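Just so it is clear, none of the values below were taken in a lab; they were calculated from the coordinates. Owing to the predicted nature of the structure, the values given are computational and were not obtained by experimental measurement. Heads up, the Cβs are rebuilt from the backbone with ideal geometry, glycines too, and the neighbour counts pull from every protein chain shown.
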Amino acid sequence: MPHFDFHIYIVAKAERDAIDSAALGDAQYLAKSAAQPAAEERAPGFAALAAPGTPVVAVPHMGVHWVDLSAPELQGALGNPQGYKPFTTTFIHGAWDGKFIFDEPMVTRAFILGRKTAAATASR
């Protein structure tokens, strides 16, 4: 689905660029990917994105993506097919080495083109 990702980082570019498995080595990269932010810092209902039975792994030069488990576009994959709706907008948080480092609103091109005004209800 054609869409826009807006990555809003709260760390320096050098720190983001250091999210590099080749520079860190696999063991350190996986350990930093798996380090989760403190529970009180996590948004309710969000979880680190990983396939079942696999380790959480950061996207190089980005971080670990935390998704809203109630997002309609995920419901089919999460065993709730009646709650599924196609992706239009969503919000992702990003973490690395135990701290959140970015926010990522995502929106489809169709959603933007379908708006008659700039006003839309914000969520999460």
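From the phi angles alone, apply the Karplus equation (6.51, -1.76, 1.60; θ = phi - 60°) to the stretch 33-44 and give each ³J(HN,Hα) in whole Hz, x where the residue is Gly or Pro.
5, 6, 5, 9, x, 4, 3, 6, 8, 7, 6, x
What ranking do 27-40, 90-103 get when scored by the average of other Cβ atoms within 10 Å per residue, highest first?
90-103, 27-40
With each run of n ≥ 4 DSSP H residues scored as -39500 (n - 2.57), what mean residue ellipticity at 222 nm is computed for the chain after dividing by its residue count and rounding to the nearest 500 deg cm²/dmol?
Counting only the DSSP helices, I get -4000 deg cm²/dmol.
Please enumerate, by chain and number, the aspartates and glutamates with C-alpha under 18 Å from the C-alpha of residue 32, excluding those fewer than 8 residues away in the same chain.
Within the straight-line limit of under 18 Å, residue 32 reaches these aspartates and glutamates: 15, 17, 20, 41, 97.
Compute the FRET efficiency between residue 24 and residue 49 as 1/(1 + (r/R0)^6), taking r as their Cβ-Cβ distance and R0 = 22 Å, and round to the nearest 0.05. Write out the running numbers ahead of the final one.
Values: r = 20 Å, r/R0 = 0.91.
Working from the Cβ atoms, E equals 0.65.
Once phi is turned into θ = phi - 60°, what whole-Hz ³J(HN,Hα) does the Karplus curve with 6.51, -1.76 and 1.60 give for every residue of the stretch 59-66, x standing for Gly and Pro?
6, x, 6, 10, x, 7, 8, 9
Multiply the residue gap between residue 13 and residue 35 by 0.36 nm, knock off their C-alpha separation, and tell me the result in nm, one decimal place.
Residue separation times 0.36 nm, minus the Cα-Cα distance, leaves 5.9 nm.
Which whole-Hz ³J(HN,Hα) couplings does the stretch 24-29 yield from phi under the Karplus relation 6.51 cos²θ - 1.76 cosθ + 1.60, θ = phi - 60°, glycine and proline marked x?
Karplus-based 3J(HN,Hα) across the stretch 24-29 equals 8, x, 4, 4, 5, 4 Hz.
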